Every structure is written in C-alpha cells, then in structure tokens.
Amino acid sequence: MHLAIDGMLEPAEQYELERHLAECSACRQRYERLSEAVALLQASQMVEPPLGMPDRVMHEIRLHKRRKRRMLAWARGIMWALLVIALAAIAILAVPAAQEMLASDQSVYASIVRNLLSLYQFGLGLASGMRVILVALFGQTSTATLAIYATLAAGVATVWLRVIARGASMRA
Amino acid sequence: MNAQRPAPPTGDTHSVESQERAWAVAARQGDEEAFAKLVEAYQRPIYNLAYRMLGSPGEAEDAAQETFLRAYTRLHTYDSSRKFSSWILSIGSHYCIDRLRRRRGKTVSMEEIMSERWLPDDDPRPEQSTLDHEREALIQSMLQEVAPQYREVLILRYWHDYSYEDIAEITQTSISAVKSRLHRARNAIADALEGHEAANEEADQRRKVHGNALSRSV
C-alpha cells in the first residue's frame with residue numbers, strides 16, 4: 001500500500017492492489033486513511049523564516065568567536081603567570097638549599113658526575129634534589145608530597161597544551 | 001506530487017552543489033562572507049526542519065541559530081566529497097532530536113499552534129486563509145503526536161523532497177532503514193489523523209446530545 005501511495009508500484013501490482021481493495025473494506029479504509037494523511041502532508045508548504053535571520057546568525061557567530069578568543073587569552077595568561085611563579089619559587093628556594101648541600105659534602109661534584117653516567121641513578125638524584133626543595137618549601141620529606149606535586153605540574157602542563165592547541169586549530 | 005513545488009532542473013542542482021561546496025571550503029579556511037552565503041542559502045530548509053520538528057516558530061529560530069553555529073565550529077569535520085546539504089541538515093536534525101529528548105513530555109498545545117504566526121507571507125488567496133490555518137494547525141499537531149524519528153523522515157520526505165538516498169545520508173542510516181521508517185511513520189501519522197477525526201466525532205456527538213437535552217428542558 002505504501003508503495004502505491006508513493007506511486008512506485010508496477011501497473012500489474014497496482015491492479016492487484018485495486019482488486020484487493022475493492023473486496024476488503026478494512027484494507028480500503030486503511031488505504032484511504034493513509035492517502036488522506038499523506039495528501040495533507042503534501043499540501044503543506046514550507047514557511048518563510050523570520051526576516052533578518054541570516055544577519056542575526058552571523059552576529060551570534062561573531063560574538064561566539066570573540067568570546068572564544070578572549071577565553072583563550074585569559075587561559076594563556078594564567079598559565080604563563082603560574083609558570084613564572086613556580087620557576088621563581090624554585091629559584092629562590094633551591095639556591096640556598098643547593099649551596100648547603102655543596103658545603104656539607106666536598107665530593108658532591110664527583111657523585112653528581114657518577115649519577116649522570118647512569119640514568120637510573122640520575123632519576124634518583126633528581127628525586128632527592130626535589131625533596132630538598134620541598135623540605136625548603138613545605139617542611140615535609142614524604143614522597144607522597146613529591147608525587148602530588150609532580151602530578152599537579154604534569155596535569156597543569158597537559159591542560160595548558162590542550163587549550164593552546166585547540167585555540168590554534170580554531171583560528172577560523 | 002505537489003504542483004506548487006516544482007523540482008529544479010538537474011543541471012542547476014549540480015552547479016548549486018559545487019557552489020555550496022566551494023563556499024564551505026572557503027569558510028573552513030576562515031572566509032566569513034562565504035559562510036554568510038551558506039546561511040542565506042540554507043535558512044529556509046534549516047528553519048523549516050526545526051519548525052516542523054519542534055512545533056513553535058520561536059524555538060525554531062533558536063534551533064536554527066544553534067544549528068548554524070554548530071556547523072561553523074565543526075566546519076573542520078566537513079568532508080567536501082559529501083553534499084553540503086546532507087551535512088548541515090544532519091547537524092540540524094540531530095540537534096532537534098536532542099532538544100526533543102530533553103523536552104520529554106511537554107508537548108506543544110493546539111492553542112499554541114493556532115495562535116502563532118506560521119502562514120507564508122506571500123499567501124495569494126486570503127479568503128482561503130482560515131481553512132489553510134486550520135489545516136496547518138492540524139498538520140502541526142499530528143506531527144507533534146508522532147515520535148521524533150518518524151517526524152524527521154516525514155519532514156525530509158514531504159517538505160524537503162529529499163530522495164531516500166539523501167535521507168539515509170542525513171539520518172546516517174541505510175536506505176532500507178529509511179524505507180521502513182517512512183512506512184512506520186506514515187502509519188503513525190495516519191493513526192494520529194484517525195485519532196483526531198474520532199475525537200472530533202465524539203465532540204460532535206456530545207454537542208448533539210447536549211443540544212437535545214437543552215431543547216427538551218426548555
């Protein structure tokens with residue numbers, strides 16, 4: 001029946017359908033109902049969109065671009081500020097800590113060189129160096145604090161890189 | 001076929017398609033003017049899709065704006081080997097379906113439909129307008145009664161005159177899925193029509209009984 005309404009039946013099939021509809025009142029009712037519904041739909045027209053809609057759409061798009069650019073500038077600014085503060089804090093606190101370390105053990109240069117020769121030892125050296133900094137900053141020696149700090153720094157760096165990358169691709 | 005909506009000659013369709021494709025590629029590279037041309041070209045189809053899906057002109061403009069905004073921000077995902085029409089209409093219909101899902105339960109009432117302006121500005125037969133108004137309100141309320149997926153294919157088929165192939169691309173399903181969905185959609189709309197006429201008959205009957213009762217009591 002649906003194919004007939006769409007006008008897609010072969011003449012032979014159309015004849016078969018009409019023959020059945022002549023005999024079966026239930027099907028005939030259904031067919032009439034379907035035709036009526038479809039005729040209603042086909043009689044309906046598209047309406048005109050409100051005047052000036054394209055201008056309003058372009059206006060919205062320009063606003064959206066401006067907002068996005070502003071947010072990006074803010075994000076970039078904050079990330080740079082945090083980076084500078086972090087570096088400054090490390091510099092201020094690490095210098096006296098490093099000087100103390102050197103003063104207490106004369107052979108520290110030799111041990112540093114030995115550590116540099118082995119990556120594993122180097123990693124350990126880095127970690128203990130950071131612990132020194134953290135002692136100076138927070139007065140704690142736990143590796144947990146070190147781990148938290150490293151995770152936070154990595155998280156911040158990742159978010160920053162993502163935001164910058166998306167901003168670069170969305171320049172359009 | 002509706003005589004008032006003639007199909008464009010096929011030669012034109014191809015050049016229109018390639019023009020739109022060129023605009024989309026230019027817009028993707030930052031050409032705002034090119035995108036503005038696309039908005040002008042598609043304001044009518046996108047607005048009508050939203051209007052028939054959501055039921056009210058106010059929501060339709062809102063949805064149309066959102067559709068164009070999404071299209072703009074997603075231009076980098078547009079594959080220029082596809083038709084631009086399928087791409088942007090699929091964004092529109094996905095948004096409308098999402099919006100309907102979020103609405104869940106609040107339907108547009110018949111009074112709301114009849115009160116809002118919906119007739120095209122260039123209606124040439126003003127004496128017909130009351131009948132047309134009633135008929136269009138009936139169509140709108142019937143559309144609101146069927147499921148969104150059925151509404152979608154009916155709109156694309158009967159207002160936009162898209163082929164099964166295009167509808168399949170827009171709804172991102174197969175041609176056979178479109179055929180069966182249209183089949184079920186037509187049944188649903190026929191049921192809605194039947195329900196409506198039954199309700200009208202009941203109302204008529206009640207009026208007759210009430211009228212008889214009145215005349216007897218006088």
> For the stretch B:12-70, what's the radius of gyration and Dmax over Cα atoms, in angstrom?
Replying inline: 12.8, 35
>> Show me, for the stretch B:76-81, the HN-Hα J-couplings you get by feeding each phi into the Karplus relation (A = 6.51, B = -1.76, C = 1.60, θ = phi - 60°), rounded to Hz, glycine and proline as x.
In response: 5, 9, 6, 8, 5, 7
> At what distance in nm do the modelled label points of A:Val135 and B:Glu165 sit from each other, each positioned 7 Å from its Cα along Cα→Cβ?
Replying inline: 7.7
> ³J(HN,Hα) across the stretch B:40-45 via Karplus (A = 6.51, B = -1.76, C = 1.60, θ = phi - 60°), whole Hz, x for Gly/Pro?
Replying inline: 4, 5, 10, 4, 5, x
>> Before we go on, tell me the buried accessible area for the B/A pair, both chains summed, 1.4 Å probe, in Å² to the nearest 100.
In response: 4300
> Can you give me the pair-distance distribution of the stretch A:39-90, C-alpha pairs, 5 Å bins, whole percents?
Replying inline: 4, 15, 10, 9, 10, 8, 9, 7, 6, 6, 5, 4, 3, 2, 2, 0
>> What does the structure give for B:39-47 when I average, per residue, the other chain Cβ atoms found within 10 Å of the residue Cβ?
In response: 4
>> Along the Cα→Cβ direction, 7 angstrom out, place labels at A:Asp55 and B:Asp12. What is the inter-label distance in nm?
In response: 2.7
>> So, taking all protein chains as they sit and a 1.4 Å probe, how much accessible area belongs to B:Ser129, in Å² rounded to tens?
In response: 40
> At a probe radius of 1.4 Å, what is the per-residue accessible area of B:Phe35, in Å² to the nearest 10?
Replying inline: 0
> What aspartates and glutamates sit close enough to A:Lys68 to cross-link, taking a C-alpha to C-alpha distance under 15 Å and skipping anything fewer than 8 places away on the same chain?
Replying inline: A:Glu60
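For the stretch B:131-188, with every protein chain kept in place, what is the accessible area per residue (1.4 Å probe, Å²)? Please list the in-between numbers first.
On the way: 2200 Å² over 58 residues.
Averaged over the residues of the stretch B:131-188, the accessible area is 38 Å².
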> Which residues, if any, in the stretch A:1-39 have at least 10 Å² less accessible area in the whole protein complex than in the isolated chain, probe 1.4 Å?
Replying inline: A:His2, A:Asp6, A:Met8, A:Arg30, A:Arg33, A:Leu34, A:Glu36, A:Ala37, A:Val38
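For the stretch B:126-218, which semi-axes, largest first and in whole Å, follow from the square roots of 5 times the eigenvalues of its Cα gyration tensor? Mind showing how you got there, number by number?
Details: eigenvalues 303, 50, 11 Å².
Equivalent-ellipsoid dimensions as semi-axes: 39, 16, 7 Å.
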> Under a straight-distance cross-link criterion of Cα-Cα below 25 Å, which lysines are reachable from B:Lys83, leaving out those fewer than 8 residues away in the same chain?
Replying inline: B:Lys37, B:Lys179
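The values are calculated or read from the model by the stated rules, or taken from the named source; none is laboratory data. For clarity, every value in this text was computed on a predicted model and none was experimentally measured. So basically every Cβ, Gly included, is an ideal-geometry build from the backbone, and we count neighbours across all protein chains shown. For accessibility, only protein heavy atoms count, side chains too; no ligands or nucleic acids. Shrake-Rupley method; radii C 1.70, N 1.55, O 1.52, S 1.80 Å.
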